[in-house]
1. Between SER118 and VAL98, take the C-beta separation as r, use R0 = 30 Å, and let me know the FRET efficiency to the nearest 0.05.
2. Tell me what the chain gives for mean residue ellipticity at 222 nm when only DSSP H runs of n ≥ 4 count, each as -39,500 (n - 2.57), the sum divided by the residue total, rounded to 500 deg cm²/dmol.
3. What share of the DSSP beta bridges in the chain is antiparallel, in percent to the nearest 5?
4. Which distance in nm do the two modelled labels at ARG204 and PHE289 give, with both placed 7 Å along the Cα-to-Cβ direction?
5. Too long at a 23 Å Cα-Cα cut-off: which of LYS90/LYS110; LYS123/LYS263; LYS90/LYS306; LYS167/LYS288; LYS53/LYS123; LYS53/LYS90?
6. By per-residue mean of other Cβ atoms within 10 Å, what is the highest-first order of 95-103, 216-224, 288-296, 311-319?
7. Per 0.36 nm of contour for each residue apart, how much would the distance between SER38 and THR84 grow if the chain were fully extended, relative to their Cα-Cα spacing?
8. Sort largest first and round to whole Å: the equivalent ellipsoid semi-axes of the range 198-289, each the square root of five times a Cα gyration tensor eigenvalue.
Amino acid sequence: MPEKTPSCAVSLFCYIYNLKEMSVPPTKQVPWLLLVFSLPARSASQRVQIWRKLQRYGMLALRSSGYVLPNTAANQERMEWLATAIRAYKGQASVVQVQGFDDLPPEHLKQLFVEARSRDYQKVLHEAKKVLALSLSRRPGGRLNRIRRRFLELQEIDFFGSPLRAKVENLLAQADKADTATSGRKAGGRSGEYVNRLWMTRPRPGIDRVSSAWLIRRFIDPKARFIFGAEPSAHADAVPFDMFCSHGFGHRGDDCTFETLQKEFSIKDGRVKRIAQIIHDADLGDEKFGRVEGQGLDKVLTGWAKQDVPDEQLLQRGMDLTEGLYESLA
């Protein structure tokens, strides 16, 4: 007659078996986020605002309903904020973590994102080629900078690496090299060309123009005089800066006017280099250098402009602010 298994052993075996069967497997990262929402029919302007944000965040519209993004912390925050805005407009919104879609395999869904970004890059590529086909004197002021900012925005939402991204990057890099070479040729023989001159810029000067005026008087032309106008040809003897014209000093490539002046006149001062980064981020808003100090200066200038401070005073106050910033970096 076989021996009986002790009851305690049986109980232990059953306990271990139940633990294994009932244990929850490790949770995997859910790959997708889905936003579904509805807005009141009368909210036409609010609908447009939401649509623009959907485009800005790179959300992919499903043919059935809802908008999809890869599940990342940044994307979840964007969706949650957007859902909050929709509810504030008296709409309904839900953000859902989704494991998959039965009619959209993961690879196909990724390809749809790639195709969407490729269409965006193609537009940027087309616009950049049109601008670069023009001579430097005929290029619209600031157009290349706007193209570069758009490219940086697309990079943030290019989740799966469109092959056109490298083409746009290479084209803009070639444009920068050409601009640098042109600037280098122009910079020769200028030792006394820009001394005791009249300098002209647009009315209501902002962060880039006031800091550029400070740089001019501090490092380039100590006796510089400044005037304001919309048309450089009205003062043929003046040196234009940060104006929409082919001559003088303004935005070039990815540089704001302050950076252009710093490079053109080979200003090596370390504090000036740091101020150049601060002005760049405040003026272009592309967060290239991650410097936030200029945002406060920009808001102060905007506040003074709203108080109808005259252009001359606005420029001088801005120059004083920049001088204070320069001293604070010592």
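1. Rounded to the nearest 0.05, the efficiency is 0.80.
2. Result for the chain, helices only: -17500 deg cm²/dmol.
3. In the chain, DSSP labels about 70 percent of beta bridges as antiparallel.
4. 2.6
5. From the list (LYS90/LYS110; LYS123/LYS263; LYS90/LYS306; LYS167/LYS288; LYS53/LYS123; LYS53/LYS90), the Cα-Cα distance tops 23 Å for LYS90/LYS110; LYS123/LYS263; LYS90/LYS306.
6. Result, highest mean first: 311-319, 216-224, 288-296, 95-103.
7. On the way: separation 46, 0.36 × 46 = 16.56 nm, distance 1.24 nm.
This chain segment gains 15.3 nm when fully extended.
8. 21, 15, 11
The values are calculated or read from the model by the stated rules, or taken from the named source; none is laboratory data. Given the structure is predicted, the values throughout are model-derived calculations rather than measurements. Note that each Cβ is placed from the backbone with ideal geometry, even for glycine, and that neighbours are counted across all protein chains shown. The accessibility values were calculated without ligands, DNA or RNA, using every heavy atom of the protein model including side chains. Shrake-Rupley method; radii C 1.70, N 1.55, O 1.52, S 1.80 Å.
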